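Since the structure comes first, as C-alpha cells, the remarks are kept for the end.
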Amino acid sequence: MAEPSLVFPADEFRARTARLQDAMADRHIDALLLTAPADIFYLTGFLTRFWESPARPWFVLVPSAHPPVAVIPSIGAILMGRSWIADIRTWEAPHPDDDGVNLLADTIAEFVPKRGILGLPMGRETHLRMPLDDFHRLAAVLDPCRLVDATEVVQRIREVKSGAEIAKIGTICRIAGEAFSATGQSVRAGMPLDRIFRDFQIQLLQAGADWVSYVAGAAGRDGYRDVISPATSEPLAEGDVLMLDTGAVKDGYFCDFDRNLFIGAPTSAVMHTYDALWGATEDALETLRPGLRACDAYRMLAEGLERRGARPCTGRFGHGVGISLTEWPSLAPHDTTELREGMVLAIEPSAFVGAETFLVHEENVVLRADGPELLSHRAPRHVREVAL
C-alpha cells in the first residue's frame, strides 16, 4: 500500500525536514515551532483554503531528531491524516479558554528539555498565527525554556527550491501565460478595467489554476501611477497602457509576473521605457549567477535602465517566489542575501515614463549554475498593441 502523502511524495517532505533539522543543529535548537500556513504546508503538504478563517490557530512542531508533530484543531484531522505526518494531536476548536495552548505545551515538553531552546520565526516577513495572549501563556508555561528567533533557519531552507517545487511553479507560470494571451486577445478600448480583471481571473481558472489569490494592475495614459488599487469601472481609452499582474496558484505554488498592453499606437516615451525595461531584464537573464547577492541583482537592473536612458523607480526590483506570492530575498539595495542555485525569483524592474507615471516589467526564473532559466514565457520584445 502506498504511503499517504499530499501534493508530493513523502520523501520530498522528509528531505525538507532533514534540512531544517541540520540547520537547527547548527544553532543548538531543540525544536522548531511553526504556526504560519506557508511553513506548515511546506513541511506537511496540508493544502486548504480553510486558512482564510482566522478562528483557529494551527501548530507543527519539528523536534531536532524526530519527525514533525501536528498539533491542530480537530476539524483538520482528516486532511492532515492524508499527509505523511503520523503524529497528529487535536483539540476541539475554537475553544474560548484553551485553544490548544496546553496540548501544545505538553507536546513541546516531550521534545525540549526544561532549560532547552525552542525556535520560532520572529523576523521580517514572518507572522505569529495565534493570539498574542495565548503566546504569552505558552511562554510562561514553558519557562525556563528559551525561545529564540529561527527566521534564518526557515527562510534559508525555503529559498532554494527542489526540482519538484520548480516543476510546480513552472506549471502555474505556463497556465498564467495562457491566460495572459487569451485576455490580451479580448481586450478592447472602451472596456472597463474591472471587467478585464474579472475576465482575466476566469481565464486563469479555465487554463488550470486552482485559485487566484492575487490580481493587480492598472491602466493610464503613458503608464500608471499605482499598481495595487482595486480595479474601477473606468473604461480603457486610446493612449492607455494596461498592466495585469497575477499571483495564481497551482498545487499550493504561486507564479508572479505581469504583462503590459498599449491601447492603440504607443507614444515614444512608452516605447523607450518599455525597451529599457526589456533590455535591463535581458542583461539580468544573461549575467545573473549563483554567488552574486540580491543587492547585486538590483544594481545590475538599475544600471541597465540608466544605460538605456531610463529613470529607475525606487524600491525593490524583484523577490523570491514559491509557496508565498512574495518570498525572500528582496532584490533591493539593502539585501545582501547570496543568490543560490535553485532559487526561484521574480525579476521585476520598474522605470518612470513621466513625472509620476511608470511601467513595471516582470518575469519568473529559476537560478541555475549557468544563469537564470525562464519559467514565465518571455514578454514580447516590443510593446504589444491592442487594435482600436
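The values are calculated or read from the model by the stated rules, or taken from the named source; none is laboratory data. These figures come from a predicted structure and were not determined experimentally. Ideal geometry is used to build each Cβ from the backbone, glycine not excepted, and the neighbour counts take in all protein chains shown. Heavy atoms of the whole protein, side chains included, go into the accessibility calculation; ligands, DNA and RNA do not. Shrake-Rupley method; radii C 1.70, N 1.55, O 1.52, S 1.80 Å.
Which residues, taken from segment 120-166, are assigned to a loop (DSSP other than H, G, I, E, B) and open to solvent by less than 30 Å² (accessible area, probe 1.4 Å)?
Answer for segment 120-166, where residues must be assigned to a loop (DSSP other than H, G, I, E, B) and open to solvent by less than 30 Å² (accessible area, probe 1.4 Å): 121, 123, 130, 145, 150, 161, 162.
Scan segment 284-306 for residues that are open to solvent by less than 30 Å² (accessible area, probe 1.4 Å) and more than 24 Å from the chain's Cα centre (by Cα) and report the count.
2
Of the residues 245, 258, which is at pLDDT 95 or above, open to solvent by 10 Å² or more (accessible area, probe 1.4 Å) and either closer than 17 Å to residue 182 by Cβ or not β-branched (Val, Ile, Thr) (or both)?
Values: 258 fails: open to solvent by 10 Å² or more (accessible area, probe 1.4 Å).
Only one candidate passes the filter, namely 245.
Of the residues that make up segment 167-176, is at least one surrounded by fewer than 17 Cβ atoms within 10 Å (Cβ to Cβ) and without any contact (Cβ under 8 Å) to a residue 24 or more places away in the chain?
Within segment 167-176, one or more residues are surrounded by fewer than 17 Cβ atoms within 10 Å (Cβ to Cβ) and without any contact (Cβ under 8 Å) to a residue 24 or more places away in the chain.
Of 231, 216, 209, which residue is within 30 Å of residue 52 (Cα to Cα), open to solvent by less than 20 Å² (accessible area, probe 1.4 Å) and outside any strand (DSSP E or B)?
Numbers: 231 fails: open to solvent by less than 20 Å² (accessible area, probe 1.4 Å); 216 fails: outside any strand (DSSP E or B).
Just a single option satisfies the conditions, and that option is 209.
Please work out if residue 354 is in contact with a strand residue (DSSP E or B) (Cβ under 8 Å, 6 or more places away or on another chain), part of a loop (DSSP other than H, G, I, E, B) and small (Gly, Ala, Ser).
no
Kindly indicate whether residue 99 is out of contact with any Ser or Thr (no Cβ under 9 Å at 6 or more places or on another chain) and loosely packed, with under 15 Cβ neighbours inside 10 Å.
On the way: out of contact with any Ser or Thr (no Cβ under 9 Å at 6 or more places or on another chain): yes; loosely packed, with under 15 Cβ neighbours inside 10 Å: no.
For residue 99, the condition - out of contact with any Ser or Thr (no Cβ under 9 Å at 6 or more places or on another chain) and loosely packed, with under 15 Cβ neighbours inside 10 Å - is not met.
Inspect all residues belonging to segment 177-198 and state whether any of them is under 18 Å from the mean Cα position of the chain (by Cα) and of a type in the set (Val, Ile, Thr).
Our first condition is that a residue be under 18 Å from the mean Cα position of the chain (by Cα); within segment 177-198, this holds for 177.
Applying the additional criterion that residues be of a type in the set (Val, Ile, Thr) yields none.
For segment 177-198, residues under 18 Å from the mean Cα position of the chain (by Cα) and of a type in the set (Val, Ile, Thr): absent.
Looking only at segment 14-37, which residues are more than 11 Å from residue 65 (Cβ to Cβ), among the hydrophobic types (A, V, I, L, M, F, W, C) and open to solvent by 20 Å² or more (accessible area, probe 1.4 Å)?
Within segment 14-37, 15 is the sole residue that qualifies.
If you check residue 202 against the conditions, is it surrounded by fewer than 18 Cβ atoms within 10 Å (Cβ to Cβ) and in a loop (DSSP other than H, G, I, E, B)?
Working: surrounded by fewer than 18 Cβ atoms within 10 Å (Cβ to Cβ): yes; in a loop (DSSP other than H, G, I, E, B): no.
Judged against the criteria, residue 202 is not a match.
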